[in-house]
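Trainee: Have a look at the structure that comes next, please.
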Amino acid sequence: MTRTAMTRATRTVRALLGALLLVLTAATAAGCGDGSGLGAPEDRPVTVLGPWTGAQEDDFRKLLDRSGVRYTYQGTAAQREVLLSQVQSGNPPDIALLPGPGELADYARKGHLQSLEGLYEPEEYGDEGPWQPVASGAGGSYWVPVKADVKSLVWYRAGGPRPDGSAVGQWCLGMIDDGASGWPGSDWIEDIVLQGYGTGVYERWAGGTLPWTDKRIAAAWRAWGLLLAQDDGRGPSAARRALLTDHRGKPGAHGLLFGGGRRSCALEHQGTFARFFYGDRADEARFRTSRALLPGGPYMYEGPERSEVSADFAVLFKGGGGPPDNRRRLLSYLASEQGQRALLETPHYFSANSTAYTSGDRGRIARRLTGRDSERCLDASDVMPPTVRDAFYEEVLRFLTAPSKDPLPRLRAIQSIQRTERARLGLGKGRAWMRGVCT
């Protein structure tokens, strides 16, 4: 099978899985009210599609309940595929939550989204990026972060040695995810670019104006490849194991960090959402910021700390079946100071709303999400168009099969797709597909 055919086959399988998930989950989606979607329009519940299942879904439902709006919630780890299937069938949800404005921008450009103008207070999310990025060709305000996370962290077990700049070994590595395998590897590369070369280089790369073949981007891939080859003397097998390992760990195993077993790991480069995977052992996890521990570092410099951040952004779709006033009321609540403070009542959730925190609430993490003494950049792959993002993930997985090899051929492959995407969007030289990626 050729590389192009393999890529097409992969996407076809993902789409089919998404359609199957839609059929299986539609029957079980439930919330306030009967969830049937039948009856007069004013009696129908607002439909919400999100990424959370299990305990995270329970927490999110509690937040939705407090809005006072009747709703049905459908949670799936493959929300991108499910959402695409719903939109293509002409039956989109009223509200959807996705981690990437790059994908949401495509829906906005195609006229599927409603403006959020007047539904929340933008200044509560900062005067500039990254919580309000602007997409070329989309215009207006179409998304707002409901839940935020910091990614530039390294977790370790309490009671163990505090990792320092000489740390090499026993990294927790898992690349498998539902419909988006490879993103944990992209996080490594993104963080190395951010810490090593600063927000200017990072934003140009994420926005599509810096070539993938730039020497600094290539150097970040090589640095990560060197770490994989040296990981506690385990050689390339560490990379191969990552290809077969779920980033969440085995069910009931408390994530990779507490998974135990013969090949127990001691350090995990992961976002604040890792605490959900750790379960009832989350309080045993400690973290350090990543800049002193990344390969090629330590990256120590004067000025604010740099943090890669991510969010689950909420949007309003046109064509949903819920009452318009209730749709807007529910989204407005989720983005409001009141709603965000309710969100923070769940211990593992964080907010990008600067007014939601009280003094000392969430401490170091809150400062990285909203404080003026921290530089923040959105996850680069999240702001890229879906075709470029998917190519990034796929090349990460291919790179792991031979991390000691020169990454340039893989970067040229992504650059070719980026060139095609820029042409599709009609972007001239130097024009980014997303602005406001960093503070």
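Bear in mind these aren't lab numbers, they're just calculated from the coordinates by the rules spelled out. Bear in mind that the values here come from a model prediction, so they are computed numbers and not experimental data. With ideal geometry, Cβ positions are generated from the backbone for all residues, glycine too; neighbour counts draw on all protein chains shown.
Trainee: Using the Karplus curve 6.51 cos²θ - 1.76 cosθ + 1.60 with θ = phi - 60°, work out ³J(HN,Hα) for each residue of segment 354-362 in order, rounded to whole Hz, and write x for Gly and Pro.
Mentor: So the Karplus estimates, Gly and Pro as x, are 5, 8, 7, 8, 9, 4, x, 5, 6 Hz.
Trainee: Also, I was wondering about something else. Taking 30 Å as the cut-off for C-alpha to C-alpha distance, list the pairs among Lys147/Lys318; Lys62/Lys151; Lys151/Lys318; Lys110/Lys250 that go past it.
Mentor: Lys151/Lys318; Lys110/Lys250
Trainee: Where in segment 395-439 is the amide nitrogen less than 14 Å from a point lying 7 Å along the Cα-to-Cβ axis of Glu128?
Mentor: Residues 435-439 qualify, since their backbone N sits under 14 Å from the label point.
Trainee: Hey, another quick one. Sequence-distant or interchain residues sharing an amide H contact under 5 Å with Ser307, placed H: which?
Mentor: Glu375, Arg376, Cys377
Trainee: Trypsin sites (Lys or Arg not before Pro) within segment 340-389: which are DSSP loop residues with at most 12 other Cβ atoms inside 10 Å?
Mentor: Those that pass, being in a loop and sparsely packed, are Arg372.
Trainee: Quick check: net charge around Ala402, other residues with Cβ under 14 Å of its Cβ, Lys/Arg +1 and Asp/Glu -1?
Mentor: Once positives and negatives cancel, what remains is +3.
Trainee: Something else about it: Which whole-Hz couplings ³J(HN,Hα) result when phi for each residue of segment 289-299 is put into the Karplus expression 6.51 cos²θ - 1.76 cosθ + 1.60, θ = phi - 60°, listed in order with x for Gly and Pro?
Mentor: 5, 6, 5, 8, 10, 6, x, x, x, x, 9
Trainee: Of the trypsin sites (Lys or Arg not before Pro) in segment 270-327, which ones lie in a loop per DSSP and count no more than 13 other C-beta atoms within 10 Å?
Mentor: Answer by residue number: Lys318.
Trainee: Further question: Once the piece of chain linking Ala423 and Arg162 is laid out straight, how much longer is it, given 0.36 nm per residue of separation minus the C-alpha distance between them?
Mentor: 89.2 nm
Trainee: If the chain between Arg435 and Ser264 were fully stretched, how many nm would it gain, using 0.36 nm times the residue separation less the Cα-Cα distance?
Mentor: 57.5 nm
Trainee: If you take the charge dipole of segment 340-394 about its Cα centre, with +1 on Lys and Arg Cβ and -1 on Asp and Glu Cβ, which of Phe350, Ala380, Ala391 is farthest toward its positive end?
Mentor: Selected residue: Phe350.
Trainee: Turning to a different aspect of this structure: Work through the residues other than Lys429 whose Cβ is under 12 Å from its Cβ and net out their charges, Lys, Arg +1 and Asp, Glu -1.
Mentor: +3
Trainee: If I stretch the segment between Arg109 and Ser237 completely, what's the gain in nm (0.36 nm per residue apart, minus their alpha carbon distance), one decimal?
Mentor: Residue separation times 0.36 nm, minus the Cα-Cα distance, leaves 41.7 nm.
Trainee: Under a point-charge model restricted to the Cβ atoms of Lys and Arg (+1) and Asp and Glu (-1), what is the dipole moment magnitude of the chain relative to its Cα centre, in debye to the nearest 20?
Mentor: 1400 debye
Trainee: Return the long-range amide H neighbours of Leu256 (sequence gap of 5 or more, or a different chain), with a cut-off of under 5 Å between placed amide H atoms.
Mentor: Gly249
Trainee: Output ³J(HN,Hα) for segment 376-391: one whole-Hz value per residue in order, computed from phi by the Karplus curve 6.51 cos²θ - 1.76 cosθ + 1.60 with θ = phi - 60°, and x for Gly and Pro.
Mentor: 10, 9, 5, 3, 4, 5, 5, 9, 7, x, x, 5, 6, 4, 5, 5
Trainee: Could you sort 377-383, 86-92, 352-358 so that the peptide with the highest average Cβ count within 10 Å comes first and the rest follow in order?
Mentor: Going from most to least packed, we get 377-383, 352-358, 86-92.
Trainee: Separate question: List the residues whose amide H sits under 5 Å from the amide H of Leu153, counting only those 5 or more places along or on another chain, with H placed 1.01 Å from N in the peptide plane.
Mentor: When sequence neighbours closer than 5 places are left aside, the close amide H contacts are Gln270, Ser290.
Trainee: Under a cut-off of 19 Å between alpha-carbon atoms, report the lysines in cross-link reach of Lys215, not counting same-chain residues fewer than 8 places apart.
Mentor: Counting by Cα, and skipping residues close in sequence, Lys215 has these lysines nearby: Lys405.
Trainee: Let's test the formula: R0 of 35 Å, r as the Cβ-Cβ distance of Leu244 and Gln88. What FRET efficiency results, to the nearest 0.05?
Mentor: The pair Leu244/Gln88 has a calculated efficiency of 0.60.
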